[in-house]
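S.K.: Structure in C-alpha cells, see below.
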Amino acid sequence: MINALPPALILVLGGLLVPFFKGRTRQALLLLLPVISFINLLQLPHGSHWVYPFLSDQIILARVDKLSLIFGYIFHLVAFLSALYALHVDDAVQNVAGTVYAGAAIGAVFAGDMFTLFVFWELLTISATFLILARRTERALGAGFRYFMVHVAGGLCLLAGIIMHVSQTGSAAFDLIGLGTTASWFIFVGIGVNCAWPFLHPWLTDAYPEATITGTIFLSAFTTKTAIYALARAFPGTEELIFIGGAMAAFPIFYAVIENDLRRVLAYSLINQVGFMVVGIGIGTALSINGAVAHAFNDLLFKGLLFMTMGAVMYRTGKINATDLGGLYKSMPWTCGFCIVGAASISAFPLFSGFVSKSMVMEAAAHGDMRWLWFILLFASAGVFHHAGIKIPFFAFYSHDSGLRCKEAPRHMLLAMGISAVLCILIGCFPQYLYSMLPYATDYQPYSISHVVAQSQLLIFSALAFTLLLLAGIYPAEIRSVNVDADWIYRKGGRQIYRFCNWAFNGINDWADRVFVQQFTKHLAQFFEEPGGNIQKYGHRLLVEATGIDDHVDQVDKKIDSRSRSAAYPVGIGVFLAVVILTLLAILL
Amino acid sequence: MSKKPISMDEELGMFDKPENVKRLLRIFYACVVISLAIDIFYHKHGIFTWESFFGFYSVYGFVACVILVIVAKFVLRPLVMRKEDYYND
C-alpha cells in the first residue's frame with residue numbers, strides 16, 4: 001500500500017473546506033492546495049491504485065501511467081497559476097468552484113474505470129457552471145444555464161454509452177474503445193460535447209466570455225483538455241477524428257476575425273487549437289499522439305496566459321470589446337509584453353512553445369500523406385497568427401488610442417502571467433524536457449533549418465497580409481454585434497419550438513376550456529337545474545314550430561316553471577317517464 | 001477605470017509619433033524581404049515536393065490570410081452578424 005491519497009481528493013475535499021477560512025488564511029489555502037496535491041501525486045508509482053469492487057466490476061480511482069501523468073502535472077501547474085491569478089477574489093462560490101473544478105479534472109484523467117470517469121465528468125460540469133454564474137449578470141445567468149443544459153445532455157449521452165458498453169463487454173475499464181458499436185458512438189459523442197466539436201461547440205464561445213474574469217482562466221484549461229485526454233485514451237487512431245479536428249482547426253478562425261469581444265476571439269481560437277490536438281489523436285501514430293498531448297500541455301499555458309492578459313485588461317478597464325480598447329501599451333506595459341509572448345507562443349513562432357508541439361502534428365499529417373489535411377492545418381496555422389497572434393495584442397494594446405488610462409495589473413496577476421510567459425519561452429527553447437514526459441519515447445527535432453525558415457516565412461507573410469489589409473482599410477472594422485453561431489439552434493430555434501408548442505397545445509387547451517368547461521357545462525347545469533321542465537319546454541317549442549300554431553309559448557313556459565317549482569305533476573306523467581327509462585335501460589343492457 | 005481626455009502634457013507613447021510607426025513598418029518590410037530572400041540561398045527540405053518551391057510558405061501565408069479576411073468580411077459577416085440585443089427579446 002502507498003502512503004498517498006487519491007489524486008483528486010485533496011483539491012476536491014480541500015476546496016469544500018475553503019469557505020471555513022477567511023482573508024489571508026483562505027488565500028494561503030487556495031495557493032497551497034494545488035502544491036500539496038502535486039506533491040501527493042509525485043508519491044504515486046505507475047500502476048492502478050485504490051481498486052474497489054463495484055457491481056460486477058471494479059472501480060479504479062488512480063491509474064497512473066505516462067499519459068495520465070503528463071495531464072496530471074500540467075493540470076496541477078495550471079490550477080496553481082489560476083489560483084495565483086485569482087488571489088484577489090474574495091468570493092466563496094468562485095474559490096470553491098475553481099478548486100473543485102481543477103480537482104474534478106485531475107480525478108477524471110486518473111480514473112481507471114468509466115464510472116469514476118463519469119462521476120468526475122459531471123463534477124466538472126457542476127463546478128464550471130458556478131464559475132459562470134458567479135459573474136452574477138443576467139447574461140452570465142443565461143449562458144451558465146445553457147452551459148449546464150448542454151453538458152448535462154452530453155453527460156447523459158456518455159452515461160448511456162458507458163452502460164451499454166459495460167453490459168455488452170462486461171468490463172468498465174476505461175481503455176482503448178475504438179468506434180464500432182452503438183455504445184462506442186454514444187461515448188464518442190459524449191466526449192465530443194466536452195471537446196467542442198463543430199455544432200457541439202457553441203457552449204464554449206457562449207459561456208467562456210460571460211464567466212468571471214478569473215473563472216474563464218480555470219474554464220479555458222480543464223474541460224476541453226480532459227476531453228482530449230479521454231479521446232487519446234479511448235479513441236486513438238479513429239479516422240473520424242481527423243475530419244472533425246480539421247473542421248475545428250479551420251472554421252473558428254473566420255469567426256475570430258469578425259468577433260468584437262476579445263475573450264470570445266480567444267474562445268474561438270481555443271477551439272482552433274483543440275482542433276490540432278483532435279487531428280493528432282485521429283492520425284494515431286506515436287508522433288501525432290505525442291504532438292497532440294504536447295500541444296495540449298502548451299495550449300494550457302499559452303491560452304491561459306492570453307486569457308489572463310485579457311482578464312487583466314478587463315479587470316482594470318472594465319471593457320473587453322475591441323471597439324472600446326486600444327493604446328493600453330502605455331498603461332499596462334507588462335501585461336502587453338506577456339500578451340505578446342502568449343501570442344507568439346500560440347502562433348508557433350520559433351523559440352516559443354507552440355512551435356515545438358504544433359509541428360509534430362503537422363509532420364505526422366505529412367508523413368501520412370494527408371495532403372488536404374496538411375493544407376488545412378497550414379491554413380489554420382496562418383489564420384491563428386492572424387487573429388490570436390496579431391489581433392488580440394493589436395486591438396487591446398495598440399490600434400487607436402481609446403483614451404483609457406489605468407493602472408498596471410495587480411502584482412499577483414503579473415506574477416501568474418510572468419510565470420506562464422517564462423514557461424512558454426523555456427519550453428520553446430528547451431523542448432526536450434517536455435518531450436521526455438510524453439506518452440511515447442521520441443527523439444523529435446523541431447529545430448531544423450527548413451522548418452524554422454518555413455514557419456518564419458509563413459508567419460511574416462501572414463503579418464504582411466494583416467498590415468497591408470489594415471493600411472488599405474479592407475480589414476473588417478470591429479463592430480458591436482452578435483455573430484450567430486450554432487447556438488442559434490437552441491437559443492432562437494428553441495424559442496420557435498416554444499412558440500409553436502404554445503400556439504398548438506395552449507390553443508387546444510383554450511378551445512377545450514371554452515367549449516367544454518364554459519359552454520358545455522354551463523348548458524348542462526342549466527338543463528339539469530330543471531330537467532323535466534326543460535324537456536317539456538323544448539318539446540312544446542318543437543311542436544309549435546312544426547305545427548305553426550302560436551300557442552302562447554311564454555304562458556306555457558310559466559305554467560311549466562310553476563308546476564316544476566311546486567312539483568305538481570300529474571302522477572301519470574311520472575309513471576310514464578319511469579316506464580320510458582326502464583324500457584331504455586332494458587334495450588341498452 | 002475612467003475615460004478622461006488625453007492631456008497634452010502627457011508624455012507621448014512610442015507609437016503616438018507617426019515617424020516611429022513608419023520606422024517600425026520599414027523594419028518590418030525589411031524582414032519580409034529578407035525572409036523571402038533566404039529561399040534563394042537555402043533550399044528547404046520538406047516532405048512534400050511543393051515545400052521546396054521558391055516562396056511556397058510566404059505565398060501560402062499571405063494568400064491564406066487575405067482569403068481568410070475577405071471571406072470573413074464579405075461572406076461570413078453578412079450571414080451571421082446581428083444586433084447586440086439579438087438574443088434579448
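The values are calculated or read from the model by the stated rules, or taken from the named source; none is laboratory data. This is a predicted model, so every value here is computed, not measured. Positions of Cβ are backbone-derived with ideal geometry, glycine not excepted, and every protein chain shown enters the neighbour counts. Each accessible area value is taken on the protein alone, full model and side chains, heavy atoms only, with ligands, DNA and RNA left out. Shrake-Rupley method; radii C 1.70, N 1.55, O 1.52, S 1.80 Å.
S.K.: So which residues in region A:347-375 are assigned to a helix (DSSP H, G or I) and within 10 Å of another protein chain (Cβ to nearest Cβ)?
M.R.: Once the filter is applied, which keeps residues that are assigned to a helix (DSSP H, G or I) and within 10 Å of another protein chain (Cβ to nearest Cβ), region A:347-375 yields A:Met362, A:Glu363, A:Ala365, A:Ala366, A:His367, A:Arg371, A:Trp374, A:Phe375.
S.K.: Open to solvent by 10 Å² or more (accessible area, probe 1.4 Å) and modelled with pLDDT of 95 or more: does that describe A:Phe297?
M.R.: Considered against the rule, which asks whether it is open to solvent by 10 Å² or more (accessible area, probe 1.4 Å) and modelled with pLDDT of 95 or more, A:Phe297 comes out as yes.
S.K.: Among the residues of region A:247-258, is any within 24 Å of A:Leu123 (Cα to Cα), at pLDDT 95 or above and not charged (D, E, K, R)?
M.R.: No, every residue in region A:247-258 fails to be within 24 Å of A:Leu123 (Cα to Cα), at pLDDT 95 or above and not charged (D, E, K, R).
S.K.: Considering region A:51-64 alone, what residues qualify as being without any contact (Cβ under 8 Å) to a residue 40 or more places away in the chain and either acidic (Asp, Glu) or closer than 18 Å to A:Ala421 by Cβ (or both)?
M.R.: none
S.K.: Determine if region A:378-401 includes at least one residue that is within 13 Å of chain B (Cβ to nearest Cβ) and within 20 Å of A:Tyr444 (Cβ to Cβ).
M.R.: There is at least one residue in region A:378-401 that is within 13 Å of chain B (Cβ to nearest Cβ) and within 20 Å of A:Tyr444 (Cβ to Cβ).
S.K.: Residues of region A:24-50 being of a type outside the set (A, V, I, L, M, F, W, C) and in contact (Cβ under 8 Å) with a residue 60 or more places away in the chain, which ones?
M.R.: A:Arg26, A:Gln27, A:Pro34, A:Ser37, A:Ser48
S.K.: I would also like to ask the following. Got at least one residue in region A:507-529 being in contact with a helix residue (DSSP H, G or I) (Cβ under 6 Å, 6 or more places away or on another chain), away from chain B (no Cβ under 14 Å) and part of a helix (DSSP H, G or I)?
M.R.: Within region A:507-529, one or more residues are in contact with a helix residue (DSSP H, G or I) (Cβ under 6 Å, 6 or more places away or on another chain), away from chain B (no Cβ under 14 Å) and part of a helix (DSSP H, G or I).
S.K.: Also, quick follow-up: Which residue pairs have Cβ atoms closer than 9 Å, lie 6 or more positions apart in sequence or on different chains, and pair a first residue in region B:71-86 that is within 7 Å of chain A (Cβ to nearest Cβ) and without any contact (Cβ under 8 Å) to a residue 60 or more places away in the chain with a second residue that is open to solvent by 50 Å² or more (accessible area, probe 1.4 Å) and of a type in the set (Val, Ile, Thr)?
M.R.: That search, which allows pairs on different chains as well, returns B:Lys73/A:Ile474; B:Arg77/A:Ile479; B:Met81/A:Ile479.
S.K.: Can you tell me which residue among A:Phe243, A:Phe222 is assigned to a helix (DSSP H, G or I), away from chain B (no Cβ under 14 Å) and open to solvent by 10 Å² or more (accessible area, probe 1.4 Å)?
M.R.: A:Phe243
S.K.: Select from region A:52-95 the residues that are β-branched (Val, Ile, Thr) and farther than 26 Å from A:Leu306 by Cβ and write down the one among them that is modelled with the highest pLDDT.
M.R.: Result: A:Val64.
S.K.: If A:Ala62 satisfies all but one of (1) under 30 Å from A:Arg136 (Cβ atoms); (2) not in a helix (DSSP H, G or I), what's the number of the condition it fails?
M.R.: Only one criterion is unmet by A:Ala62, namely (1).
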